[in-house]
Amino acid sequence: MKEVNVDVHIRKNKTGEIRTRKDTLLCDDDGISTFIWGEGNYSCDCNRGIFFARVNGEEEDEDIKCGSSKYSVNIELDGEMIYSEFETGAED
């Protein structure tokens, strides 16, 4: 198993603002795992809100409730989109 460097584009659905976070994902013989962003801990608005704020060095909004409608992500590897939620992201 190895790690690959990816760009995670996080969109705040209410405003449409997109910020990009550098991250790593695990890769094995079955491919790159996006589970953490799609179904794991990073799929929750509370965590995505933290990542969104940290990209610009801002204070995190401690009032963000758990959910899955405030933020959407696209994940890019070497210019290729490997995971996409932007088309289906909910509006806040």
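The values are calculated or read from the model by the stated rules, or taken from the named source; none is laboratory data. A quick note: this is a predicted structure, and the numbers were derived from the prediction, not measured. Quick reminder, even Gly has a Cβ in these numbers, built from the backbone with ideal geometry, and neighbours come from all protein chains shown.
Observations on the structure shown:
- Answer residue from the stretch 26-41, given it is touching a strand residue (DSSP E or B) at 6+ places or on another chain (Cβ under 7 Å) and part of a helix (DSSP H, G or I) and is surrounded by the fewest Cβ atoms within 10 Å (Cβ to Cβ) among those: Gly38
- Residue check, Glu87 modelled with pLDDT under 95, exposed (fewer than 15 other Cβ atoms within 10 Å of the Cβ) and touching a Gly at 6+ places or on another chain (Cβ under 7 Å): no
- Residue within the stretch 10-24 that is assigned to a loop (DSSP other than H, G, I, E, B), modelled with pLDDT of 95 or more and acidic (Asp, Glu) present: yes
- Count of residues meeting criterion [among the small types (Gly, Ala, Ser) and more than 25 Å from Glu58 (Cβ to Cβ)] in the stretch 1-37: 2
- For the stretch 52-84, filtering for residues that are in a helix (DSSP H, G or I) and surrounded by 18 or more Cβ atoms within 10 Å (Cβ to Cβ) leaves 1.
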